[in-house]
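*Asks:* First the structure, then my questions, so here it is.
Bear in mind these aren't lab numbers, they're just calculated from the coordinates by the rules spelled out. Not measured: the values here are computed from a predicted model. Backbone-built Cβ (ideal geometry, glycine too); neighbour counts: all protein chains shown.
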Amino acid sequence: LTPDGHPDKAARLNNLGNAFRSRFECLGDLGDIENAILFNQQAVDLTPDGHPDKAARLNNLGIAFWSRFECLGDLGDIENAILFNQQAVDLTPDGHSDKAARLNNLGIAFWSRFECLGDLGDIENAILFNQQAVDLTPDGHPDKAARLNNLGNAFQSRFECLGDLGDIENAILFNQQAVDLTPDGHPDKAARLNNLGIAFESRFDRLGDLGDIESAILFNQQAVDLTLDGHPDKAARLNNLGNAFQSQFHRLGDLGDIENAILVKQQAVDLTPDGHPDKAARLNNLGNAFQSRFERLGDLGDIENAILVNQQAVDLTPDGHPDKAACLNNLGIAFQSRFDRLGDLGDIENAILVKQQAVDLTPDDHPAKAASLNNLGSAFHSRFDCLGDLGDIENAILLNQQAFDLTPDGHPDKVLWLNNLGIAFQGRFDRLGDLGDIENAILVKQQAVDLSPDGHPDKAACLNNLGNAFQGRFERLGNLGDIENAILSKQQAVDLTPDGHPDKAARLNNLGIAFQGRFDRLGDLGDIENAILFKQQAVDLAPDGHPDKAARLNNLGSAFQGRFDRLGDLGDIENAILVNQQAVDLTPDGHPDKAARLNNLGIAFQSRFDRLSDLGDIENAIFIKQQAVDLTLDGHPDKAAHLNNLEIALQSRCDPAGISLRKSPKI
């Protein structure tokens, strides 16, 4: 009804645009934000330079572009948001009552672009402008808490990029102040509690202080409880609460935590309508929770669900969206986990494919680049373990090294990248035997341990892996100091791992392997007793269906065989055959370790034949060792050993009197 040229036309267009934006923020209808931008743009275009409302209308237009960016992830929108918000700030004189609000909005726009592109200049600007907004806002002002909250979020984002503890301390400080200034019943109380919980979780992930994760769960739970059913942020807060439960699960191993994580993340997904901009992210997080439970319990249904929902997350994320790479990366991790369980080469091929896509989509200066490189390296390493292709382990080392090089000193992930780089060096050493590789493995794994303060959640993992490297060098050079260090490091890893932790069994298994290594060298019966003790505990802690159950049974069988070879107790070789058979039965056809486990079972049958001369045992030994040979590809590093073991079994059947002169090497 307002004709063109009317002096109030621009003001009314501005108000109409704001109304459409408000409805968009409530309902999420893209048509509303399109209209908001259209009418706010017309309002700006009709407002002459120098008009007292020019800055306000530029500010509103910038907010509208920001809102559409948050929905669609189009970089052009965030560029426009920054452009118009910056113009609004520049046109607002110092001392103006809206200066702080416009600085705040500009800071938010820089923060959003940082979250997308990872440019440190953007997060520096976000902190700068949000800090100015806070400083210009007097105590008692109704927006003080909101601006403190935004400043805290900006500090947290920089912490996640650089790992500077001062940033997460500031994040908690400002988010806590924001919560304290927000009265009960205020509509933003839940949002600020949610952000405070996220900050505590971030500090927990860095330092491992259980008080922090307890605070995170407390504040996230309060945020959920204060959020009414039907509220547009209910799903987001459930999702964040699920993340906190999952973090506590990773530290303590309490199954109740991962059950809670899956429960609330599923609720978050169910509450998020199709077409919602966060649907993909919540599916992605739910997939991660299913994967965590799979790694603990080994239920194939969980990894199937993980792949299903991670794939949905990828499919729902448009090309060019800032979260596309993260969703691809997590889908790749899920494929790799299923490969580790079932040995299907298609899964590791898919893992490498989608992780490579994640790397390619992540700019070199993005804070997630190092993590993507690290994860791709892990996939190449897994394929190397299966096929033995040297190109794969070369790629693993290259990618892990790049991840390490991209990560600044002090960053919380530096320890992880060092640890994984060391594992890759050790993998190449195991194949080629180059002492330089095991020296590098020990060097970087030791650095990882040294960088992990006492109480750090990854300290035990780093000690465990360092112990593996010392053991690898011991097996090559026979230096007793190395096996002593291996046992020491692995024992510390076990001691630091609480009962119920998902990695407790793996670390007990590795400690048992170290004791057996020393037994094989020195023959001390106490060592083989410890080996059997710890390996048995590892087996007992692995529930039926767990992906590592077969490996641990295989290792326990090796320990029983070792004691039988020393003492000749038939009970030990009976146990060796029993658990080796279970290991073989639990290993699916096509699994990369199937041949090795068949080989070890064949050795156990031959050992009983050597003792009792039962022809059924040597027939079983030959049959099983032949399967091991047939499953081992030409060029595989174990091919020669498996052929040698089969030859010994065949000779034993022909010349039973001479069988005691030769021993079958164990794999």
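*Asks:* Can you give me the Rg/Rh ratio for the range 186-325, using Cα atoms for both radii and the Kirkwood formula for Rh? Intermediate results must be reported in sequence, preceding the final value.
*Replies:* Numbers: Rg = 14.8 Å, Rh = 15.2 Å.
We get a ratio of 0.97 for the range 186-325.
*Asks:* Same structure again: What number, in percent, do you get for the relative contact order of the chain if the mean sequence gap of Cα pairs under 8 Å and at least 6 apart is divided by its residue count? All intermediate terms of the calculation are to be shown ahead of the outcome.
*Replies:* Numbers: 1065 pairs, mean separation 45.7, N = 667.
The value is 7 percent.
*Asks:* Sticking with this one: Per DSSP H run of n ≥ 4, the term is -39500 (n - 2.57); total these for the chain, divide by its residue number, and report the mean residue ellipticity at 222 nm rounded to 500 deg cm²/dmol.
*Replies:* Details: 29 runs with 520 residues, N = 667.
Rounded to the nearest 500, it is -26500 deg cm²/dmol.
*Asks:* Which shape class, rounded, prolate or oblate, goes with the range 436-542 when its Cα gyration tensor gives a ≥ b ≥ c as root eigenvalues, a/c under 1.5 marks rounded, and past that a/b bigger than b/c marks prolate? The partial results should precede the final answer.
*Replies:* On the way: a/c = 2.25, a/b = 1.03, b/c = 2.19.
Since a/c reaches 1.5 but b/c is at least a/b, the shape of the range 436-542 is classed as oblate.
*Asks:* About the Cα centre of the chain, how large is the charge dipole given +1 on each Lys and Arg Cβ and -1 on each Asp and Glu Cβ? Please answer in debye to the nearest 20.
*Replies:* Details: 58 positive and 101 negative charges, 161 e Å.
With only Lys, Arg, Asp and Glu charged at Cβ, the dipole is about 780 debye.
*Asks:* Work out the length of the dipole vector of the range 1-107 about its Cα centre, built from +1 on the beta-carbon of each Lys and Arg and -1 on the beta-carbon of each Asp and Glu, and round it to the nearest 20 debye. Let's see the in-between values first.
*Replies:* Values: 9 positive and 16 negative charges, 52 e Å.
Dipole magnitude for the range 1-107 comes out near 240 debye.
*Asks:* What is the packing order of peptides 633-645, 166-178, taking the mean over residues of other C-beta atoms within 10 Å and listing the highest first? Write down the numbers at each step before the final one.
*Replies:* Details: 633-645: 15.5, 166-178: 21.3.
Output ranking for 633-645, 166-178: 166-178, 633-645.
*Asks:* Now, a different point. Using Cα pairs under 8 angstrom and six or more residues apart, how large is the relative contact order of the range 548-667, in percent? Mind showing how you got there, number by number?
*Replies:* Details: 150 pairs, mean separation 25.0, N = 120.
About 21 percent, as a whole number.
*Asks:* Based on the mean of other beta carbon atoms within 10 Å per residue, what is the order of 222-232, 613-623, most packed first? Intermediate results must be reported in sequence, preceding the final value.
*Replies:* Numbers: 222-232: 15.4, 613-623: 17.0.
Ranking the peptides 222-232, 613-623 by packing returns 613-623, 222-232.
*Asks:* Each residue of the range 469-477 in order: what ³J(HN,Hα) in whole Hz does its phi give by Karplus 6.51 cos²θ - 1.76 cosθ + 1.60, θ = phi - 60°, with x for Gly and Pro?
*Replies:* Couplings: 5, 4, 5, x, 6, 4, 5, 8, 9 Hz.
*Asks:* Related question: For the range 436-542, what relative contact order do you get, as a whole percent, if you take Cα pairs closer than 8 Å and at least 6 residues apart? Kindly include the intermediate steps, with their values, before the conclusion.
*Replies:* Values: 130 pairs, mean separation 22.2, N = 107.
Once normalised by length, the contact order is 21 percent.
*Asks:* Moving to a separate point now. Given the C-alpha centroids of the range 493-517 and the range 297-340, what is the distance between them in whole angstrom?
*Replies:* About 29 Å separates the Cα centre of the range 493-517 from the one of the range 297-340.
*Asks:* Take the chain, drop everything but the C-alpha atoms, weight them equally and run the Debye formula without solvent; then report log10 I(q)/I(0) at 0.10, 0.12 Å⁻¹ to two decimals.
*Replies:* Summing over Cα pairs of the chain leads to -0.95, -1.26.
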